[in-house]
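The values are calculated or read from the model by the stated rules, or taken from the named source; none is laboratory data. Since the model is a prediction, treat every value here as computed from it, not as a measurement. Here the Cβ positions follow ideal geometry from the backbone for every residue, glycine too, while neighbour counts run over all protein chains shown. Note: areas computed on protein heavy atoms with side chains; ligands, DNA, RNA excluded. Shrake-Rupley method; radii C 1.70, N 1.55, O 1.52, S 1.80 Å.
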Amino acid sequence: MGEIDPAFIQSTEHRPKPTFVEVGEIPIIDLSESREELISKIGKACEDWGFFQVINHGVPCEVIRKVEIEAKEFFEQSVEEKKKVKRDEANAMGYHDGENTKNVRDWKEVFDYLVENTTQVPASHEPHDLELRTLTNQWPQYPPHFRETMEGYAREVEKLAYKLLEQISLSLGLVADKYHGCFKNQLSMVRLNHYPPCPFPDLALGVGHHKDSSALTVLSQDNVGGLQVKRKSTGDWIPVKPTPGAFIINVGDIVQVWSNDKYESVEHRVVVNIEKERSSIPFFFFPAHHVMVKPAEELVNEQNPARYREYNVGKFYANRNRSDFQKRDVENIQIHHFRI
Ligand code: OGA
Ligand code: NI
């Protein structure tokens with residue numbers, strides 16, 4: 001990544017603004033607090049920010065550390081080596097170098113793997129096409145215990161994701177396990193992100209602004225920083241300060257629909273760093289492909305009617321996947337397309 005390729009040039013939105021903005025803080029929530037405290041804090045954070053950090057989350061720090069080390073070892077290999085596990089149109093899992101968005105590239109490289117290997121998804125986004133295809137993880141030869149390390153990490157973070165989903169359900173007044181069944185044969189995946197230093201930080205973004213289409217995202221970031229969240233009340237971009245050992249949690253599109261807009265999936269992006277590389281590891285918690293997403297019946301009534309028509313998780317996924325590969329012409333599918 002030497003000369004800047006025009007495809008990396010993102011909008012000017014991330015260049016520093018001359019005016020001073022007062023910076024708020026993304027809440028940090030201690031998961032060892034009492035149940036009532038926790039439910040109310042999580043509910044408030046979801047409403048006010050759509051983002052929060054958690055500490056005392058139960059995932060051992062050695063497990064996180066090991067993933068960080070092995071991810072670094074993987075990315076330090078030559079491009080030829082990494083391309084041996086490159087993703088393609090048939091199988092979206094594996095390595096890619098940021099070519100995933102439509103007209104602009106992200107300044108990063110990525111390795112994706114599924115939490116449940118192997119997972120079925122619809123073969124196409126066409127509503128009447130009932131064919132399924134199988135996504136399979138691809139594992140590199142090096143580092144030697146990569147697969148074991150990554151699978152162990154996924155199991156730990158999955159437990160945390162279920163716990164958080166329970167708290168979120170309770171905070172909405174739903175039963176704790178309301179949505180557990182949706183995650184049998186889940187499409188959840190872990191992404192290892194590597195953001196190399198960028199000599200043109202004003203021209204590129206690590207990840208352009210977007211919302212996550214997951215139910216929840218559980219993200220671990222190193223101490224470099226760069227993630228920014230769009231503050232709902234003012235529209236300013238607020239940096240998420242790295243907190244050692246914490247996970248960053250954000251509400252995804254699916255929780256937005258389940259909650260009938262009580263909790264919103266918030267825009268976020270990653271700015272690049274001129275001298276330091278950065279790593280982050282999101283876990284995208286996704287239901288199974290056959291799940292139909294719609295507002296919880298318990299939350300809708302005459303005064304608060306459903307704001308979304310139901311949509312199918314797998315078809316949404318297939319549509320996104322298609323727009324990744326057929327760049328320019330296809331607009332990314334969004335939940336607002338299902339708004340009533
Ligand atoms: C993402 C994302 C944030 C980060 O991959 O969806 O928002 O800090 N990543 O890397
Ligand atoms: Ni994201």
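General remarks:
- Qualifying residue in the range 300-312 (condition: closer than 30 Å to Ile28 by Cα and either within 16 Å of ligand 1 (Cβ to nearest atom) or surrounded by fewer than 20 Cβ atoms within 10 Å (Cβ to Cβ) (or both)): no
- Pairs where the first residue, in the range 127-153, is part of a loop (DSSP other than H, G, I, E, B) and the second is open to solvent by less than 100 Å² (accessible area, probe 1.4 Å) and of a type in the set (Gly, Ala, Ser), C-beta under 7 Å, 6+ apart: Asp129/Ala123; Glu131/Ala123; Gln138/Gly94
- Residues that are assigned to a strand (DSSP E or B) and within 16 Å of ligand 2 (Cβ to nearest atom) were ranked within the range 272-320; the one that is farthest from Lys184 (Cα to Cα) is Arg278.
- Flag for Ser265 being open to solvent by 10 Å² or more (accessible area, probe 1.4 Å), of a type in the set (Gly, Ala, Ser) and within 16 Å of ligand 2 (Cβ to nearest atom): no
- For Lys159: the one exception among (1) free of Cβ contacts under 8 Å to residues at least 12 places away in the same chain; (2) loosely packed, with under 15 Cβ neighbours inside 10 Å: (1)
- For beta carbons closer than 8 Å, sequence separation of 6+ or different chains, a first residue in the range 281-294 that is more than 16 Å from Tyr179 (Cα to Cα) and a second that is away from ligand 2 (no atom under 16 Å from the Cβ) and of a type in the set (Ser, Thr, Tyr), the qualifying pairs are Ile281/Tyr153.
- Residue in the range 41-79 that is nearest to Ser213 (Cα to Cα), counting only those that are touching a residue at least 24 places away in the same chain (Cβ under 8 Å), of a type in the set (Asp, Glu) and open to solvent by 40 Å² or more (accessible area, probe 1.4 Å): Glu47
- Residues of the range 188-221 satisfying the condition of being out of contact with any Asp or Glu (no Cβ under 6 Å at 6 or more places or on another chain) and more than 16 Å from ligand 2 (Cβ to nearest atom): Cys198, Pro199, Phe200, Pro201, Asp202, Leu203, Ala204
- Residue-level check: of (1) at positive phi; (2) modelled with pLDDT under 90, Asn319 misses just (1).
- Any hit, the range 219-228, residues being away from ligand 1 (no atom under 16 Å from the Cβ) and at pLDDT below 95: no
- Filter pass, Thr234 being away from ligand 1 (no atom under 16 Å from the Cβ), of a type in the set (Val, Ile, Thr) and in contact (Cβ under 8 Å) with a residue 60 or more places away in the chain: yes
- Check on Pro244, open to solvent by 50 Å² or more (accessible area, probe 1.4 Å), out of contact with any Ser or Thr (no Cβ under 8 Å at 6 or more places or on another chain) and under 25 Å from Ser188 (Cα atoms): yes
- Taking first residues from the range 200-226 that are touching a residue at least 40 places away in the same chain (Cβ under 8 Å) and partners that are within 11 Å of ligand 2 (Cβ to nearest atom) and open to solvent by 20 Å² or more (accessible area, probe 1.4 Å), the Cβ contacts under 6 Å between residues at least 6 apart in sequence or on separate chains come to His209/Glu267; Lys211/Glu267; Ser214/Phe284; Thr217/Phe284.
- Hits in the range 201-210 (condition: within 9 Å of ligand 1 (Cβ to nearest atom) and crowded, with 22+ Cβ neighbours inside 10 Å): Gly206, Val207
- Boolean, Arg87 is closer than 16 Å to Val190 by Cβ and open to solvent by 60 Å² or more (accessible area, probe 1.4 Å): no
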